[in-house]
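Visitor: Dropping a structure here in structure tokens format, bear with me for questions.
Read the figures in this text as sums done on the coordinates, not as results from a lab. None of the values given here were measured: they were computed from a predicted structure. Counting neighbours? That spans all protein chains shown, and the Cβs are built from the backbone with ideal geometry, glycine included.
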Amino acid sequence: MKSVVSILVLIVACVRFTSAAKCSDHILSLKADYFSEDDGGIYDSTACSASFSNFFKYTPQVHGLINEHIAQSFIYSIMSSHFETDFENRLGFSKYMDSLADTMWQHAISLIKYAGKRGSGVAPVDTSNGLSIKNLNNGIKPWTEIEALALALDHHQMLAVKVHQLHNSAKDAAFGDFLENQFASDHVSRIRELSGHLTNLVPMMQEESSKDLALYLFDQSLV
């Protein structure tokens, strides 16, 4: 596939910093003004924000993980389309790459929802200065079956390292628990699965006389 896909995902942090005053103090100050804006009693939403602890410090890393997951989702979708063509006709590999794309997309959605739950958020903005998804061309070339599995393994290991590093540095119990439950075990299982697929497939592909049949049977096992 020679066409170049350029997809920008523009993300901006909407971080709410909790004011020094307590929420109850702010509400009491409004009550003293009878909740009337005419008397200067204007409600300040940041005083009663859902933001707490140090989560706002990690929003740049969260946005980076969201971009990584969305980028990989597009790459796996492109690879799935490649294997589904009549020329390749590897429906098992197409289905497998499609499942990887869905998983990456769902993880990105989970991160976005969690950011909102913690009083932060992400939103598209109309600016050329936003964050962007790069290197999508890596998923456009006609990868072989083994190369596709190897790329997926590299991507998952890279993401796992980033999640573990963020988990280790996060001084936020709730955020650490979210990363553990949502990503850690899934990454371990998927990395082991991809590694096992390569362990089985690569030796079979090295047998010149039977590699076509071996590849066909392996593809069928993925359907």
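Visitor: Starting from segment 186-223, pick out the GluC sites (Glu not before Pro) whose DSSP state is loop and whose Cβ has at most 13 other Cβ atoms within 10 Å.
Guide: Values: sites: E193, E207, E208; in loops: E207, E208.
Here the GluC sites (Glu not before Pro) that fit, given the DSSP loop and packing criteria, are E207, E208.
Visitor: Check each of the trypsin sites (Lys or Arg not before Pro) in segment 150-196 and keep only those in coil by DSSP with at most 13 other C-beta atoms within 10 angstrom; list them in order.
Guide: When the trypsin sites (Lys or Arg not before Pro) of segment 150-196 are filtered for loop state and at most 13 Cβ neighbours within 10 Å, K171 remain.
Visitor: A 24 angstrom limit on the alpha carbon distance is what I want to check against. Which of K22/K171; K95/K162; K113/K171; K22/K162 exceed it?
Guide: Beyond 24 Å between Cα atoms: K95/K162; K22/K162.
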